[in-house]
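Everything below concerns the one structure shown next.
The values are calculated or read from the model by the stated rules, or taken from the named source; none is laboratory data. All values reported here derive from a predicted model rather than from experimental measurement. No Cβ is skipped: glycine too gets one built from the backbone with ideal geometry, and neighbour counts run over all protein chains shown. Surface areas here come from the heavy atoms of the whole protein model, side chains and all, with no ligands, DNA or RNA. Shrake-Rupley method; radii C 1.70, N 1.55, O 1.52, S 1.80 Å.
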Amino acid sequence: MTFADKKLNKKIYICFVIIAGLSSFALLLCHIFSISIQNILFSLIPPCIFREYTGIYCPGCGGVRASIYLLHGNLMESLWYHPFVFYASVLLGLFFVSYTLYLITNKECFNPELRPIYFYIGAGIILLQWIIKNIFLLGFGIALIP
């Protein structure tokens, strides 16, 4: 089973282009006006409600900070906070390049297929990092991310 639906691929591509364009524009404005986007974004991150009530990490803890670090080119910090962000970024990047080539050449070999295995790998990454973070937190009292 694959998701090679051309209409779905086009919608994903358009959303990706819009989000990338808006993000680039926002980053450009911050650069022009010497505004630290990193400080602004970190100040806007609300505390995790799940962690506040349960005392353990949720599966998404660190995802926003990982995204911010990745946008700033700090790959190691991004991977430390949430490895799924890097995985998803690579998949989206490959999808974008492949679909762009498909639009330019109209060759089916460039039409990307979203296979279920990609989602299973992503779910596995999320689950594994969640378990590891909570083992360190509950078993050793070490908070891997603040």
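Taking all protein chains into account, the per residue accessible area for region 1-75 stands at 71 Å² (1.4 Å probe).
Take the alpha carbon gyration tensor of region 1-63, find the square roots of its eigenvalues, order them as a ≥ b ≥ c, and report rounded if a/c is under 1.5; if not, report prolate when a/b exceeds b/c, else oblate. Oblate is the answer for region 1-63, as a/c is 1.5 or above yet b/c matches or exceeds a/b.
Summarised in one figure, the compactness ratio Rg/Rh of the chain, Cα atoms and Kirkwood Rh, is 1.03. Return a whole-number percent for the relative contact order of the chain, with Cα pairs under 8 Å and 6 or more residues apart as the contact set. Dividing the mean separation by the residue count of the chain yields 27 percent.
Keeping the other protein chains in place, figure out the carbon and sulfur percent of the accessible area of region 61-103, with a 1.4 Å probe. Intermediate values should be presented prior to the final figure.
Values: 1690 of 2200 Å².
Answer for region 61-103: carbon and sulfur cover 77 percent of the accessible area.
Here the simple spin-label model places points 7 Å from the Cα toward Cβ, and for T105 and L127 these points are separated by 3.6 nm.
What is the calculated FRET efficiency for I32 to L75, with r their C-beta to C-beta distance and R₀ = 30 Å, to the nearest 0.05? The computed FRET efficiency comes out at 0.70. For region 89-103, backbone phi angles converted through the Karplus equation (6.51, -1.76, 1.60; θ = phi - 60°) give residue-by-residue couplings of 5, 5, 4, 5, x, 5, 4, 4, 5, 4, 5, 4, 4, 4, 5 Hz, Gly and Pro being listed as x. Only DSSP H runs of four or more residues enter the estimate; each adds -39500 (n - 2.57), and after division by the residues of the chain the mean residue ellipticity at 222 nm equals -23500 deg cm²/dmol. Using R₀ = 35 Å, calculate the FRET efficiency as 1/(1 + (r/R₀)^6) where r is the Cβ-Cβ separation of L44 and E113; round to 0.05. Using R0 = 35 Å, I get an efficiency of 0.45.
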